[in-house]
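The values are calculated or read from the model by the stated rules, or taken from the named source; none is laboratory data. Since the structure is predicted, the reported quantities are computational estimates derived from the model, not experimental observations. Note that each Cβ is placed from the backbone with ideal geometry, even for glycine, and that neighbours are counted across all protein chains shown. Heavy atoms of the whole protein, side chains included, go into the accessibility calculation; ligands, DNA and RNA do not. Shrake-Rupley method; radii C 1.70, N 1.55, O 1.52, S 1.80 Å.
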Amino acid sequence: MRMNKLRADVQALLYLLPFLVIYILFTIWPMIKGVNMTFYKWTLIRKMKYVGWDNYSRMIHDNEMWSAIWHSVIFVVLTTPTMVILAIALAMIANRKSRLQRLYRSVFFLPSVLSVAVASFLGLFVFQPYTGLVNSVLHLVRLLPENSEIFWLNETNLSWIAIALITLWWTVGFNFILYLSAMQDIPDEIYEAARLDGANDRQIFFRITFPYLNPITKTITMLQIIASFKVFMQIYIITGGGPLDKTRPIIQLIYQTGFKKNDLGYAATMSYMLFAILLVLSIFQYWLNNRKGANA
Amino acid sequence: MKNVYRVVSLLFAFVFLAPVIWMLVVSIKEEGMKIVTVLDWFTPPYSFAVYDQILSATKLSNWVLNSFGIGVVVTILTVIIAALAGFVLSKLPFRYRSFMFFFVLAGLLVPGEAIIIPLYQVAKDMNLLNSYQGLILPALASPFAVIVLKSFFDGVPNDLLESVQIDGGGTWRIFTSIMLPLTRPALASMAILTFIGSWNNFLWPFLSLTDDNLFTLPMGIPTLMSSYSEDYVKPMVVNTIASLPIMLLFLIFERQIVKGVSLSGIKG
């Protein structure tokens with residue numbers, strides 16, 4: 001493109017301007033401003049006073065924060081491998097030629113379009129004792145004796161299981177679609193050749209399908225770890241972080257510190273802890289994808 | 001073996017569908033019925049009375065409209081803004097282009113959740129809390145959309161651009177008559193992803209809104225639920241009204257949505 005150089009620069013800037021203005025105003029500027037907030041006692045009403053590194057030293061010794069981070073880690077560990085396995089299983093179901101093929105695809109993705117509030121409340125009702133769907137079905141098939149109830153949301157371990165199951169049900173659709181489209185890219189000839197060589201279903205899965213999916217599995221795993229670490233809304237609606245804050249994730253603690261305890265400065269400080277963790281994960285993911293020989 | 005596959009497949013499908021079916025059926029049950037076994041949920045008497053009640057006595061329908069309206073506005077503006085920026089980064093040589101590219105790329109590393117507290121303060125300083133502008137504006141600059149669209153623009157051959165220039169067309173002509181039409185599938189996919197993201201955006205409305213006329217669904221639904229007693233009919237009517245439109249849209253646009261979601265695998 002031949003053009004007066006200055007004119008070209010100005011023109012490029014004009015096209016970029018809408019993005020830059022909003023990006024700087026609502027991403028870059030808050031990021032900088034937030035650092036400033038961490039050095040203050042800062043309430044919802046106004047900046048109170050300069051406190052130096054107090055918020056940071058307080059954070060290092062704050063058991064509530066460490067246990068909230070721990071809860072987010074628990075959620076990551078519970079949901080990441082299960083998400084990958086479930087997504088592959090569903091994709092295999094929907095990838096098999098059958099009359100119901102299209103129906104499977106719709107059904108497995110359908111929960112993903114529900115609003116987070118709807119998905120969470122449905123999950124909440126499904127896991128209620130006495131009237132919830134899960135306990136009722138367990139009664140019906142006699143896995144649960146008639147006079148006993150499982151109180152899913154009153155006990156920490158069961159709460160985690162319920163939260164993880166609801167999350168899987170609600171969000172697996174996205175990863176399922178990624179796997180399905182990756183599977184459809186595997187050339188049929190490879191399968192045919194393997195069958196001619198007498199390979200069975202198991203061998204075909206572990207020797208062909210799974211290795212082919214390796215790049216997308218890496219991507220999904222990392223994205224899922226990051227997404228799971230940022231969990232908040234399902235847990236907030238389903239257990240409210242309970243019982244006794246035992247399922248409270250880090251974002252909920254940040255929210256409560258800022259908006260319930262009126263301490264935005266300290267909440268901002270914890271946000272940067274979260275930021276640092278996610279940054280390390282993102283950089284690790286970037287490194288994983290761009291290593292020599294990786295092709296995700 | 002084949003039958004085992006089939007049974008397992010159907011079982012999965014049933015489990016995935018069960019909560020949605022349950023929601024739909026309970027929503028048309030008459031209120032106050034005694035539930036002894038799971039089968040009682042599915043038997044008559046049915047009634048739509050609660051639908052009238054919810055639609056007239058609550059702001060739920062406003063919130064559905066807010067969610068859709070904000071989603072549509074955010075989607076259109078985000079895609080336009082990202083397309084403009086991606087086009088420049090892909091096809092217009094200018095000073096600092098590689099710096100700009102990395103400046104945008106770095107945005108992928110900034111999780112919205114981690115800057116939500118200072119964003120609240122910034123929005124407050126700008127008087128944006130409790131307004132549609134405050135809900136919409138912070139969502140419009142998506143580095144992810146810019147980077148993805150840039151990579152699609154990269155795929156448009158430069159010969160095509162030169163032919164427009166030979167005809168005397170300027171940059172704007174190139175953008176509107178070559179770049180946008182040739183990348184329509186990518187733009188559509190990006191639009192779908194953006195809409196789903198906006199539809200499910202919870203944290204920002206949750207922090208920035210107190211006026212219930214402006215609520216979106218993820219904000220509004222919990223406030224309704226807390227006021228209902230044991231009975232499930234009202235909550236399920238709320239869930240159904242909030243979900244039917246989006247489920248219908250999904251069934252109509254399923255193919256495009258699936259394509260759009262496949263695109264998100266590029267992320268990272």
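Remark: mean inter-chain Cβ contacts per residue of A:151-160 equal 0, using a 10 Å Cβ-Cβ cutoff to other protein chain atoms.
List the accessible area buried at the contact between A and B, summed over both sides and calculated with a 1.4 Å probe, in Å² to the nearest 100. When A and B are taken together, about 8400 Å² of accessible area is lost. In this label model, A:Thr156 and A:Gln184 are separated by 4.5 nm, measuring between points 7 Å along each Cα→Cβ vector. Measure nothing but the geometry: give the 0 to 90° angle between the long axis through the Cα atoms of B:60-91 and the longest principal axis through the Cα atoms of chain B, rounded to 10°. Long axis of B:60-91 versus the principal axis of chain B: about 20 degrees. What residue among A:Asp185, A:Asp54, A:Asp197 has the largest mean-square fluctuation in a Gaussian network model of chain A, using Cα springs under 10 Å? Looking only at A:Asp185, A:Asp54, A:Asp197, the biggest GNM fluctuation is shown by A:Asp197. With the convex hull of its Cα atoms as the shape, the range B:58-266 has an orientation-averaged projected area of 14.3 nm².
The slack between B:Tyr96 and B:Asp40, meaning 0.36 nm per residue of separation minus the straight C-alpha distance, is 13.4 nm.
For the range A:65-290, a crude dipole built from +1 on the beta carbon of Lys and Arg and -1 on the beta carbon of Asp and Glu, taken about the Cα centre, is about 180 debye to the nearest 20.
Could you work out [θ]222 nm for chain B from helices alone, using -39500 (n - 2.57) per DSSP H run of at least four and dividing by all its residues? Round to the nearest 500 deg cm²/dmol.
-21000 deg cm²/dmol
From helices alone, chain A scores -21500 deg cm²/dmol at 222 nm; the rule is -39500 (n - 2.57) for each run of n ≥ 4 DSSP H residues, then divide by the residue total.
Springs join every pair of Cα atoms under 10 Å in this Gaussian network model of chain A, and among A:Leu244, A:Leu140, A:Leu278 the largest mean-square fluctuation is at A:Leu140. Computed from Cα atoms, the angle from the helix B:116-125 axis to the main principal axis of chain B rounds to 80 degrees.
Pairs from the list B:Lys2/B:Lys259; A:Lys230/B:Lys59; B:Lys59/B:Lys234; A:Lys41/A:Lys246 with a Cα-Cα gap above 21 Å: B:Lys2/B:Lys259; A:Lys230/B:Lys59; A:Lys41/A:Lys246.
Taking label positions 7 Å along the Cα-Cβ direction at both A:Leu13 and A:Leu103, the computed distance is 6.1 nm, reported to one decimal. Computing FRET efficiency as 1/(1 + (r/R0)^6) for B:Leu17 and A:Lys5, where r is the C-beta to C-beta distance and R0 is 51 Å, gives about 0.25.
Divided by 2.2 N^0.38 Å, where N counts the residues, the Cα radius of gyration of chain A comes to 1.27. Each of A:Leu90, A:Leu25, A:Leu178 was scored by the projection of its Cα onto the charge dipole of chain A, and the greatest displacement toward the positive side belongs to A:Leu25; charges sit on the C-beta of Lys, Arg, Asp and Glu.
Listed by chain and number, the aspartates and glutamates placed with their C-alpha closer than 17 angstrom to that of A:Lys47 are A:Asp263, B:Asp125; residues fewer than eight positions away on the same chain are left out. Among the chymotrypsin sites (Phe, Trp or Tyr not before Pro) within the range B:85-187, those in coil by DSSP and having at most 14 neighbouring Cβ atoms inside 10 Å are B:Tyr96.
Within the listed set A:Ser112, A:Ser181, A:Ser228, the residue fluctuating most in the Gaussian network model of chain A (springs between alpha-carbon atoms under 10 angstrom) is A:Ser181.
Exactly which chymotrypsin sites (Phe, Trp or Tyr not before Pro) in the range B:1-62 are in a DSSP loop and have at most 13 other Cβ atoms within 10 Å? The qualifying sites are B:Phe48. Relative to the Cα centre, the charge distribution of the protein assembly as shown, modelled as +1 at Lys and Arg Cβ and -1 at Asp and Glu Cβ, gives a dipole magnitude of about 1280 debye.
Model label sites at A:Leu244 and A:Leu196, defined 7 Å from Cα along the beta-carbon direction, differ in position by 6.6 nm.
Peptide B:206-213 has a mean of 1 when you count, residue by residue, the C-beta atoms of other protein chains within 10 Å of its C-beta.
Considering only B:Leu251, A:Ile190, B:Asn213, and ranking their Cα positions along the charge dipole of the protein assembly as shown that arises from unit charges at the beta-carbon of Lys, Arg, Asp and Glu, the one farthest toward the positive end is A:Ile190. If only the Cβ of Lys and Arg carry +1 and only the Cβ of Asp and Glu carry -1, the dipole of the range A:5-50 around its Cα centre is close to 300 debye. Projected over all directions and averaged, the alpha-carbon convex hull of the range B:38-181 occupies 15.8 nm². Compute the acute angle (0 to 90°) between the alpha-carbon long axis of helix B:254-263 and the principal axis of greatest extent of the alpha-carbon atoms of chain B; round to the nearest 10°. For B:254-263 against chain B, the angle is about 50 degrees.
Take peptide A:37-46, look around each residue's Cβ out to 10 angstrom, count Cβ atoms belonging to other protein chains, and average those counts. Before the final figure, lay out the partial values.
On the way: counts 3, 2, 0, 0, 0, 3, 0, 3, 1, 0.
Across A:37-46, the average partner-chain Cβ count within 10 Å equals 1.
Dipole of the range B:145-240 computed with +1 at Lys/Arg Cβ and -1 at Asp/Glu Cβ about the Cα centre; of B:Val233, B:Ile166, B:Leu187, farthest Cα towards the positive end is B:Ile166.
Taking the inverse of the mean reciprocal distance over all distinct Cα pairs, the Kirkwood hydrodynamic radius of the protein assembly as shown comes to 25.7 Å.
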